Amino acid sequence: MLRTGSISRPTKLEDLLSSKEIARLDPLDLASRRVFFGKLKGERRSKKRGHSVEFADHRQYVSGDDIRHIDWNIFGRLDKLFLKLFLEEEDLSLHVVLDASASSDCGEPNKYLFMQRCAMALGYVGLVNLNRVACTIMSGVNGDAADRGGQAASEKAVSPVRGLRDLRGRRRVHDLARFICATTPGGTLSFRAAAERIAISRRGKGVMIIFSDFFFKDGYEDGLRLLSGHGYDLILVQVLSPQELEPPIKGDLRLKDIEDADTAEVTISAPLLKRYQANLAAYCNKLREFAHRRDMALLTVKSDTPVDLLVADQLRRLGVLK
């Protein structure tokens, strides 16, 4: 992968989303392939039986039921007590996770900037529709930590996780934007350690969307197992740069790993590039099969994809938005 050159980091909402993009997001709302029960009264229809304005069904009265919900019209006809049941409107929580390791800070356009913009777009949709929104950033640990003794070497495997939770309403849009803009990507990410901390701290049920290239030194399998289930519909968005798919390099090169500084001297030839692309395709297919077996949705996108197209079209067809 190729490191992005000089890049202008976003600092506010307007750097992440244009007014035209925001206007296209306004009609959208969150959805899910599953139905979850929310903690707060909201605008999400669930299968949970409650007491709202939309009638659903009847059931026979049993001792202890609230007599205020007895259907007296049925009692007058059948001389039996039945309760009115209604569809309850509840909120759907959204949890967006960003991979801020060094491998994300690559490509033209920059992959991490693309992830930031996508996270902001989804968070905006969730907030303006009164859903609960959380955002977590998985930051990498610098490789030179291992040079500061055994204690630091052991800390290298632990990835710091920063989170912002329980945002709700349009007034929190700028709070989310500032949080997303506050992290500069870098270092090596232990995905399993980060996933474990996210799994322990997350609350309730809802939709979790992870933005990453999923190029983790410790693999993605253990981390995804920790995050799957437990009341969350897990959506994986694998972000790759155009240069990762079609490397614009040739000749004799000395390549250096952006995360752990490993080096390799190679001669780039057409057969080698073809083998690289085959290996990359096999890796992506393996990730897709892993996700499919565990009822996770996977979407692989290029970092030059227009954000409004990804959100309003691709994620909509995936069932994340409506």
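Key figures
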quantity: Exceeding the 20 Å Cα-Cα cut-off - candidates Lys217/Lys286; Lys250/Lys274; Lys250/Lys286; calculated: Lys250/Lys286
quantity: Accessible-area value, His174, 1.4 Å probe, nucleic acids and ligands omitted, Å²; calculated: 90
quantity: Heavy atoms of Leu255 accessible to a 1.4 Å probe, total area in Å² rounded to 10; calculated: 70
quantity: Accessible-area order (highest first, 1.4 angstrom probe) of the listed residues Cys118, Cys181; calculated: Cys181, Cys118
quantity: Spread of Cα-to-Cα distances over 10 Å intervals beginning at zero, given as percent, for the stretch 179-316; calculated: 9, 33, 37, 16, 4, 0
quantity: Residues with amide H under 5 Å from that of Gly206, placed H, sequence gap 5 or more; calculated: Tyr232, Asp233
quantity: Summed side-chain charge close to Ala134 - residues other than Ala134 whose Cβ falls under 10 Å, Lys, Arg +1, Asp, Glu -1; calculated: +3
quantity: Inter-site label distance for Thr263 and Arg170 at 7 Å from Cα along Cβ, in nm; calculated: 5.6
quantity: Ellipsoid semi-axes in whole angstrom, largest first, where each is sqrt(5λ) of the Cα gyration tensor of the stretch 153-233; calculated: 23, 18, 11
quantity: Segment His69-Ala282, extension gain: residue separation times 0.36 nm, minus the distance between their alpha carbons; calculated: 70.9 nm
quantity: The stretch 294-301 - phi-based ³J(HN,Hα) in whole Hz, Karplus 6.51/-1.76/1.60, Gly and Pro as x; calculated: 10, 6, 9, 9, 10, 10, 9, 10
quantity: Solvent exposure, largest accessible area first (probe 1.4 Å, DNA, RNA and ligands not counted), of Asp79, Asp29, Asp218; calculated: Asp79, Asp218, Asp29
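The values are calculated or read from the model by the stated rules, or taken from the named source; none is laboratory data. What you see is a predicted model; the values in this text were computed from it and never measured. All Cβ positions, even for glycine, are placed from backbone atoms using ideal geometry, and neighbour counts span all protein chains on display. Note: accessible area is taken over every heavy atom of the protein model, side chains too, but ligands, DNA and RNA are not part of it. Shrake-Rupley method; radii C 1.70, N 1.55, O 1.52, S 1.80 Å.
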